[in-house]
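The values are calculated or read from the model by the stated rules, or taken from the named source; none is laboratory data. All figures in this text were calculated on a predicted structure; none of them were measured in a lab. All Cβ positions, even for glycine, are placed from backbone atoms using ideal geometry, and neighbour counts span all protein chains on display.
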Amino acid sequence: MASFTLHGIPVSRGIAIGRAHLLKPAARDVRHYLVPEERVEAEVRRLTEAIAAVNAELQAVRRDLPADAPSELAAFIDVHALILADPIIAEHPLKIIRSRHYNAEWALLSQIDELSAQFDEIEDAYLRERKNDILQVGERILKVLTGSAGSLPATEPAAPGDYAPQMIVVAHDISPADMLQFRDRAFVGFVTDLGGQNSHTAIVARSLDIPAAVGMANASSLISEDDWIIIDGDAGIVIVDPAPVVLEQYRSAQTKLLRERKKLGKLKKTPAVTRDGTFIHLLANIELPEDCASALDAGAVGVGLFRSEFLFMGRTGHGGKLPSEDEQFESYRKAVTAMKGRPVTIRTLDVGADKPLDKDEETALNPALGLRAIRYCLSEPQMFLTQLRAILRASAYGPINLLVPMLAHAFEIDQTLSLIAQAKQQLRDARHKFDEGIRVGAMIEIPAAALTLPLFVKRMDFLSIGTNDLIQYTLAIDRVDHEVAHLYNPLHPAVLQLLAMTISAGAKAGIPVAVCGEIAGDTRLTRLLLGLGLREFSMHPAQLLAVKQEILGSDLSLLEPVARKVLKVYEPAAIAEAVERLSLV
Ligand code: PEP
Ligand code: MG
């Protein structure tokens, strides 16, 4: 067979090489027939029993979840159990059997087809992808009805770094419960026809750190059992039946990656100190309290950015209601206790732009420039006070810093500080404990803030540079618009000037400055940031060890003079040359 390449969406990085194992869906071409009147109740019972069997199966999977299973998995299995118990699955197909005399499989499939058509109409991409949960639950019931459950072969776990026997699962879609089997078996990657960035397959692949490519259209019908395949998880491509020379290239790239990873793993406990003895704070960016485990595992000395808005999004399951003070308090407390005495910087709600709340219709013409982040919070003071009280209450359980996004005006800073004072007074009145000296910091992510630093250093205890937005607003490029993505450039001299100004204003005023945008985790920029005086980097935990490695090889006394030169040149070639020089000192 000739080699061919399929293109999909890269969702989990790395290279996987192995033989394909196809996970067959339960036959959708099940028999359709009408049941005679006297057999209707027996048919209803057959479906009810199949649903009960799937429920028992899910409960067993949930109960036997290994302690190190990714935290999302339990939640995904719960979602499947909820769908199974919902009248749309547990009752409506029974009605179809009774009213139309369809056999159980037909009744179930017709209900699922109807639901899936309704999901296709939904505009929200995340919700639309949840259609797959319903399909997967339906699939499980069909498997029980047709007696075709269980399609994964028994294989021994592969030795780490061993090539054989390695299998790559190829499926139309994979349910979260089936995903569990990846932990103990020799599967090294997976490819699915369905899925996108937010699909469960993608989320779990990332947390298991397995290369994966999803959204591959009809991969599961083009690939045959036992075909050799390569997943290039960075490019989102799958090479089927590769030529020997291609296979060799990927094998050596894979060996190199594994070697690098192993080497980095040894740095977990090494303090991030430069060659000339300066300690650099390496912190983690998290979205939910559960992420603290990976932050600790990577050796982070604290959380530099807890994006609290993730607690406020995807709330349709709570009737669209925002989280209460107690619910928020529990999440913040969970994070701060998980970090065992290490500081946790909680950013107040940053909604708007590409992170709208479910309840809000997006009406702004230009949402990135609209009522976002602190602007939104100041327009909803009761909601903001609720969050501030929840964060303050959690500060009784460990060190918390409060970080405020998108500040640009003196009056915004003053209003924010006065609301914090108000929240503190409310807690004193209610006799709640909290850290009276909680430190409050500002995100510097609007050029106006970076150009008026005296306003900030006078009022704030620390600064954190949000380069994702600082670059968006400085260069006037919408960060979610792929048509201008090529203009995103952290090395644009305007961006570098604003960065350098902020770092040095903090140093002069004696207050800490961190960078918590994506560039903090980009090893190509680590030396430049160090040379500009940055001492706190906050990033996705997966990037932390590679950045640490850069730091361990850096000498600040050599970097600083070169970094100062970067600020004096404007031509892209001159900047690139100076950055290149930094990598050599
Ligand atoms: C940033 O803007 O750099 C940042 C860290 O915040 P977010 O990406 O959540 O806007
Ligand atoms: Mg931001």
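What to note about this one:
- For region 484-509, the tally of residues that are of a type in the set (A, V, I, L, M, F, W, C) and within 16 Å of ligand 2 (Cβ to nearest atom) stands at 3.
- Set His486, His492: member being more than 30 Å from Gly398 (Cβ to Cβ) and surrounded by fewer than 17 Cβ atoms within 10 Å (Cβ to Cβ): His486
- Some residue of region 464-483 being in contact (Cβ under 8 Å) with a residue 40 or more places away in the chain, away from ligand 2 (no atom under 16 Å from the Cβ), touching a Gly at 6+ places or on another chain (Cβ under 8 Å) and within 30 Å of Asp326 (Cβ to Cβ): no
Every residue, every condition in (1) loosely packed, with under 14 Cβ neighbours inside 10 Å; (2) modelled with pLDDT of 95 or more; (3) in a helix (DSSP H, G or I), yes or no:
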{"residue": "Asp226", "(1), (2), (3)": "yes, no, no"}
{"residue": "Ile231", "(1), (2), (3)": "no, yes, no"}
{"residue": "Ala235", "(1), (2), (3)": "no, no, no"}
{"residue": "Val238", "(1), (2), (3)": "no, yes, no"}
{"residue": "Lys256", "(1), (2), (3)": "yes, no, yes"}
{"residue": "Arg259", "(1), (2), (3)": "yes, no, yes"}
{"residue": "Leu264", "(1), (2), (3)": "no, no, yes"}
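- All positions within region 490-513 that are among the aliphatic types (A, V, I, L, M) and over 24 Å from Arg581 (Cα atoms): Ala505, Ala507, Ala509, Ile511, Val513
- Single residue of Leu475, Leu451, Leu417 found to be in contact with a His (Cβ under 8 Å, 6 or more places away or on another chain) and surrounded by fewer than 20 Cβ atoms within 10 Å (Cβ to Cβ): Leu475
- Conditions (1) closer than 30 Å to Trp228 by Cα; (2) without any contact (Cβ under 8 Å) to a residue 40 or more places away in the chain: number failed by Glu41: (1)
- Matching helices (runs of 4 or more DSSP H) fully within region 524-585 where at least 2 residues are closer than 18 Å to Gln497 by Cβ: 526-531, 556-566, 572-584
- Any hit, region 53-72, residues being of a type in the set (Val, Ile, Thr) and more than 30 Å from Ala295 (Cβ to Cβ): yes
- Selection from region 276-302 of residues that are under 14 Å from Gln543 (Cα atoms), part of a strand (DSSP E or B) and in contact with a Pro (Cβ under 7 Å, 6 or more places away or on another chain): Ala284
- Qualifying position, being under 18 Å from Ala335 (Cα atoms), surrounded by fewer than 15 Cβ atoms within 10 Å (Cβ to Cβ) and out of contact with any Pro (no Cβ under 8 Å at 6 or more places or on another chain), among Lys433, Lys458: Lys433
One line per residue, one yes/no per condition, for (1) within 16 Å of ligand 2 (Cβ to nearest atom); (2) at pLDDT 95 or above:
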position: Leu305; (1), (2): yes, yes
position: Gly317; (1), (2): no, no
position: Thr337; (1), (2): no, yes
position: Lys355; (1), (2): yes, no
position: Asp360; (1), (2): no, no
position: Ile374; (1), (2): yes, yes
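- Condition met for His32 (in contact (Cβ under 8 Å) with a residue 12 or more places away in the chain and closer than 30 Å to Leu258 by Cα): no
- Cβ-Cβ contacts under 8 Å between residues 6 or more apart (or on different chains), taken from a first residue in region 228-255 that is in contact (Cβ under 8 Å) with a residue 60 or more places away in the chain to a second residue that is in a helix (DSSP H, G or I) and among the aromatic types (Phe, Trp, Tyr), are listed as Ile230/Tyr250; Asp232/Tyr250; Ile239/Tyr250; Pro242/Tyr250.
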